[in-house]
Amino acid sequence: MSKAVLISIRPKWCELIANGTKTVEVRKSRPKLHTPFKCYIYCTQSGVALGAWGKHGKVIGEFTCDRIYELETRSPGGSYYVKGEGLPTTNDVARQSCLTLKDMHEYLQSKVGYGWHISGLKIYDVPRELREFKKSNRDCFYADLGLAKRDCPDCKNSGCFLERPPQSWCYVEEG
C-alpha cells in the first residue's frame with residue numbers, strides 16, 4: 001500500500017472545503033512525500049457544538065494534494081508571500097486559503113508555512129471512523145522501540161489502527 005496523510009481540520013474549515021470555497025489548507029509543516037499524494041480529512045470536535053453539519057469526529061472525505069506552496073514573510077507582521085512566485089500567485093493562494101493576514105500570523109507566528117493545494121475533492125456520503133485507518137508502518141510504537149511488529153498487540157502484522165486523531169496530520173496507509 002502507498003503512504004497517504006490524514007489531516008485534522010476544524011469544522012468551520014471543513015465546511016468551506018466541502019463546499020469548494022477553501023482549496024488551500026495552510027500548515028506549519030509538510031509531509032516528506034512527492035506530490036501528488038492522497039489526504040484524508042478528519043473533522044475535529046475541537047470545542048464546537050455539534051451543529052447541523054454533524055460530521056465532527058469523523059473522516060469526512062479525501063482529496064489529492066497536487067501542489068504545496070511554501071509561504072514566507074519578509075518581516076514580522078508583514079504580508080506572506082509564495083516563495084518563488086509573483087504577486088498574482090500569492091494573492092490567489094491567500095484567497096483560496098480563506099485566511100486573513102491576522103489568521104496567518106496567529107497560526108504561523110511569522111514563520112514559514114505551507115499551503116497544501118486541494119484537488120479531486122471527494123466528500124463521503126457516510127463519514128468513516130478514525131479506527132478504519134492504519135498508521136504507516138514507521139509510526140508503530142513497537143517498531144519505534146526496535147521490537148518486531150508481530151509483538152505489537154495492535155498490528156498483528158497488518159499495521160496499527162488509529163485510535164486518536166493527529167494534532168495536525170500523520171502518515172497513514174492509503175486504502
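Can you confirm whether the stretch 83-98 contains a residue that is small (Gly, Ala, Ser), open to solvent by 50 Å² or more (accessible area, probe 1.4 Å) and part of a loop (DSSP other than H, G, I, E, B)?
yes
Being over 17 Å from the mean Cα position of the chain (by Cα) and assigned to a helix (DSSP H, G or I) is the filter here, so list the residues in the stretch 104-130 that pass it.
Kept after step one, since they are over 17 Å from the mean Cα position of the chain (by Cα), are these residues of the stretch 104-130: 105-106, 109-111, 125-126.
Those that are over 17 Å from the mean Cα position of the chain (by Cα) and assigned to a helix (DSSP H, G or I): His105, Glu106.
Can you pull out every residue in the stretch 9-40 that is outside any loop (DSSP other than H, G, I, E, B), in contact (Cβ under 8 Å) with a residue 40 or more places away in the chain and open to solvent by less than 20 Å² (accessible area, probe 1.4 Å)?
Filtering the stretch 9-40 for residues outside any loop (DSSP other than H, G, I, E, B) gives 9, 11-18, 24-27, 37-40.
Next, from what is left, pick out any that are in contact (Cβ under 8 Å) with a residue 40 or more places away in the chain: 11, 13-14, 16-18, 24-27, 38-40.
Pro11, Cys14, Ile17, Val24, Glu25, Val26, Arg27, Cys39, Tyr40, listed by residue number.
Which one of Tyr107, Tyr80, Tyr40 is touching a helix residue (DSSP H, G or I) at 6+ places or on another chain (Cβ under 7 Å) and not polar (S, T, N, Q)? Please lay out each step first, then the result.
On the way: Tyr107 fails: touching a helix residue (DSSP H, G or I) at 6+ places or on another chain (Cβ under 7 Å); Tyr40 fails: touching a helix residue (DSSP H, G or I) at 6+ places or on another chain (Cβ under 7 Å).
Unique residue meeting the criteria: Tyr80.
For Gly78, are the conditions met, namely being open to solvent by less than 40 Å² (accessible area, probe 1.4 Å), at negative phi, in a loop (DSSP other than H, G, I, E, B) and not β-branched (Val, Ile, Thr)? Don't jump to the end; show me each part of the working.
Values: open to solvent by less than 40 Å² (accessible area, probe 1.4 Å): yes; at negative phi: yes; in a loop (DSSP other than H, G, I, E, B): yes; not β-branched (Val, Ile, Thr): yes.
For Gly78, the condition - open to solvent by less than 40 Å² (accessible area, probe 1.4 Å), at negative phi, in a loop (DSSP other than H, G, I, E, B) and not β-branched (Val, Ile, Thr) - is met.
The values are calculated or read from the model by the stated rules, or taken from the named source; none is laboratory data. Quick caveat, the model's predicted, so the values are computed rather than measured. Neighbour counts are summed over all protein chains in view; Cβ atoms, including those assigned to glycine, are modelled from backbone coordinates with ideal geometry. Just so you know, the surface numbers come from the protein's heavy atoms only, side chains and all, with ligands and any DNA or RNA stripped out. Shrake-Rupley method; radii C 1.70, N 1.55, O 1.52, S 1.80 Å.
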